[in-house]
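See structure below.
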Amino acid sequence: MLVCKFGGTSMANAETISKVADIINSDSERKYVVVSAPGKRDRQDTKVTDLLYKCFAEAQATGSCAETFKQVKERFDAIIKGLKIDLDLSDDYAEIENNINASTTADYAASRGEYLSAKVLAKKLGYAFLDTLKLIKFNEDGEFQLDYSIDLIRQEMAKVKKAVFPGFYGSSPGDVVKTFTRGGSDVTGAIIARAANADVYENWTDVSGFMKADPRIVANPKKIEYLSYRELRELSYMGANVLHPESIFPVRNAGIPINIKNTFAPDDSGTMIVPTSKLPDNTSVITGIAGQKGFTIILIEKAMMNSEVGFVRKVLSVMEYENISVEHIPSGIDTLCIVVRDEDVQNKMQKVLDKIRDSVSADNVEIHSGLSLVAVVGHNMASRQGTAATIFASLAKSNINVRMIDQGSSELNVIVGIDTFDYEKAINTIYHAFED
Ligand code: ASP
């Protein structure tokens, strides 16, 4: 049995939703479906979720969201008309508009896109509509409750053969709507797949899977056929954003593969995300390259630092106190480097440097900004020699200065810090060193 999730571009208008319906109807195993709200129909368009956030802001500012909510209604009315389905959403519209005006939460407003979208698709398919409000549960601290939610979902699934679920939201105690972070319908899809014990979680989007590098940087990169959950974590953390980074947790423990598929090219095989033990013996050394701009290195120097017990703890305590997440900690004998995201240290860098200097009586503390990180990821790296040599030889040949190196002992990735002005060049250089 398959659980499918369709994203915003797949649900954008009547034409794309017809494609979605054809895909679902083409395989009777596609029994449970999760949907996003209608996304952009073209580059200039606005996602329904963004319109709904705007409705909330408008109601807060003026007491009425009528102006923007009209656009939401028009989008759904056009979809219903285009699909030629017999569905009247006027009661829902009235209730939603009233609730937003009555100052419910931004989460409530945002969630209504998925709610209406699921109702439309359920009608089109003749499937049951199951509201995730009462099925996906968060506790009072806002933490998602996986086991409890799975029990609730299973009880409802037992009553229906086929169903459509709205993605993106569930509720806190008292049935107060709570959403996941943006793109969270991917997470809902994974939870439903886990509850249904699906053979595969199909995640339908507008690209045919993960590419080995960002196509905006590398021309025509090869597609990744297979990816392990762990490799996916590494790549998405470093900026490859086809799938919500949290969406693997619900399916990973149960070993349910995720298949990224393209609604607009349904015959493409897409990318399969599987446990490491299920990866085929492919020959590629590297699985993918991802990266991010916007990092700073804090360099701390102190003579005899290496023999000073508690040195690292003291530095990290400063970072914890200032609520700054530490990305990497490369160190030398008398030096310690802390790599942080620029956005995390904005407006507090001087304070942090002073505190570090004081806490460890450092000889010197300085910052090097303008750093970008590039992660070269691949489970095959552990069993092959020469991967690091290929990376660094190719960077040297392209005159790219390496400012930081980090290789985890899992040998799943090598992370290289380079100057941001070399970022695109570095990704191209490494890609071609392995793939040509
Ligand atoms: N509609 C929500 C968003 O735009 C959630 C999703 O599509 O997954 O972020």
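Looking only at region 180-202, which residues are within 9 Å of the ligand (Cβ to nearest atom), among the β-branched types (Val, Ile, Thr) and surrounded by 24 or more Cβ atoms within 10 Å (Cβ to Cβ)?
Hits for region 180-202 are 187, 188.
Quick one: would you say residue 277 is touching a Leu at 6+ places or on another chain (Cβ under 9 Å), at negative phi and open to solvent by 10 Å² or more (accessible area, probe 1.4 Å)? First the steps, then the outcome.
Numbers: touching a Leu at 6+ places or on another chain (Cβ under 9 Å): no; at negative phi: yes; open to solvent by 10 Å² or more (accessible area, probe 1.4 Å): yes.
The answer is no for residue 277.
Where residues in region 238-255 are open to solvent by 80 Å² or more (accessible area, probe 1.4 Å) and away from the ligand (no atom under 15 Å from the Cβ), which of them is modelled with the highest pLDDT? Quick ask: steps written out before the conclusion?
Taking region 238-255 and keeping what is open to solvent by 80 Å² or more (accessible area, probe 1.4 Å), we get 241, 246, 249, 252-253.
Then drop every residue that is not away from the ligand (no atom under 15 Å from the Cβ), which leaves 249, 252-253.
Working: 249: 90, 252: 93, 253: 90.
Checking each candidate, the answer is 252.
Which one of these does residue 57 not meet: (1) under 23 Å from residue 14 (Cα atoms); (2) open to solvent by 50 Å² or more (accessible area, probe 1.4 Å); (3) hydrophobic (A, V, I, L, M, F, W, C)?
With respect to (1) under 23 Å from residue 14 (Cα atoms); (2) open to solvent by 50 Å² or more (accessible area, probe 1.4 Å); (3) hydrophobic (A, V, I, L, M, F, W, C), residue 57 is out only on (1).
Is it the case, given these coordinates, that residue 59 is away from the ligand (no atom under 16 Å from the Cβ) and at pLDDT 95 or above?
Details: away from the ligand (no atom under 16 Å from the Cβ): yes; at pLDDT 95 or above: yes.
Against the criterion (away from the ligand (no atom under 16 Å from the Cβ) and at pLDDT 95 or above), residue 59 qualifies.
Go through region 289-404 and tell me which strands (runs of 3 or more DSSP E), entirely inside it, have 2 or more residues that are of a type outside the set (D, E, K, R), open to solvent by 60 Å² or more (accessible area, probe 1.4 Å) and over 30 Å from residue 273 (Cβ atoms). Break it down into steps so the answer makes sense when it comes.
Values: elements: 326-328, 335-341, 364-377.
Strands (runs of 3 or more DSSP E) meeting the threshold: 364-377.
Considering each of 177, 164, 160 in turn, give the residue that is open to solvent by less than 50 Å² (accessible area, probe 1.4 Å), away from the ligand (no atom under 16 Å from the Cβ) and either closer than 20 Å to residue 2 by Cβ or in contact with a Ser or Thr (Cβ under 7 Å, 6 or more places away or on another chain) (or both). Give the steps one after another, and end with the answer.
On the way: 177 fails: away from the ligand (no atom under 16 Å from the Cβ); 164 fails: away from the ligand (no atom under 16 Å from the Cβ).
Exactly one residue qualifies, and that residue is 160.
Any idea which of 118, 94 is on the phi < 0 side of the Ramachandran plot, open to solvent by less than 20 Å² (accessible area, probe 1.4 Å) and either outside any helix (DSSP H, G or I) or not aromatic (Phe, Trp, Tyr) (or both)? Steps first, please.
Details: 94 fails: open to solvent by less than 20 Å² (accessible area, probe 1.4 Å).
None of the other options fit; the residue is 118.
Out of 49, 9, report the one residue that is within 14 Å of the ligand (Cβ to nearest atom), under 25 Å from the mean Cα position of the chain (by Cα) and not in a helix (DSSP H, G or I). Please lay out each step first, then the result.
Numbers: 49 fails: not in a helix (DSSP H, G or I).
Every option except 9 fails the conditions.
Which members of region 26-41 meet the condition of being assigned to a loop (DSSP other than H, G, I, E, B) and away from the ligand (no atom under 16 Å from the Cβ)?
Residues satisfying the conditions are 26, 27, 28, 29.
Pairs needed: first member in region 382-411, under 19 Å from residue 238 (Cβ atoms); second member anywhere, outside any strand (DSSP E or B) and open to solvent by 90 Å² or more (accessible area, probe 1.4 Å); C-beta distance under 7 Å; at least 6 residues apart or different chains.
Note: pairs meeting the criteria are 400/425.
Conditions: (1) more than 16 Å from the ligand (Cβ to nearest atom); (2) in contact with a Phe, Trp or Tyr (Cβ under 6 Å, 6 or more places away or on another chain). Residue 216 meets all but one. Number of the miss?
So residue 216 meets the others, but not (2).
Results for (1) surrounded by fewer than 20 Cβ atoms within 10 Å (Cβ to Cβ); (2) touching a helix residue (DSSP H, G or I) at 6+ places or on another chain (Cβ under 7 Å); (3) β-branched (Val, Ile, Thr), shown as yes or no for each residue.
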| site | (1), (2), (3) |
| --- | --- |
| 42 | yes, no, no |
| 52 | no, yes, no |
| 67 | yes, yes, no |
| 71 | yes, yes, no |
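The values are calculated or read from the model by the stated rules, or taken from the named source; none is laboratory data. On a predicted model such as this, the values are computed, not experimentally measured, just so you know. Here Cβ is always computed from backbone atoms with ideal geometry, including for glycine, and neighbour counts include all displayed protein chains. Just so you know, the surface numbers come from the protein's heavy atoms only, side chains and all, with ligands and any DNA or RNA stripped out. Shrake-Rupley method; radii C 1.70, N 1.55, O 1.52, S 1.80 Å.
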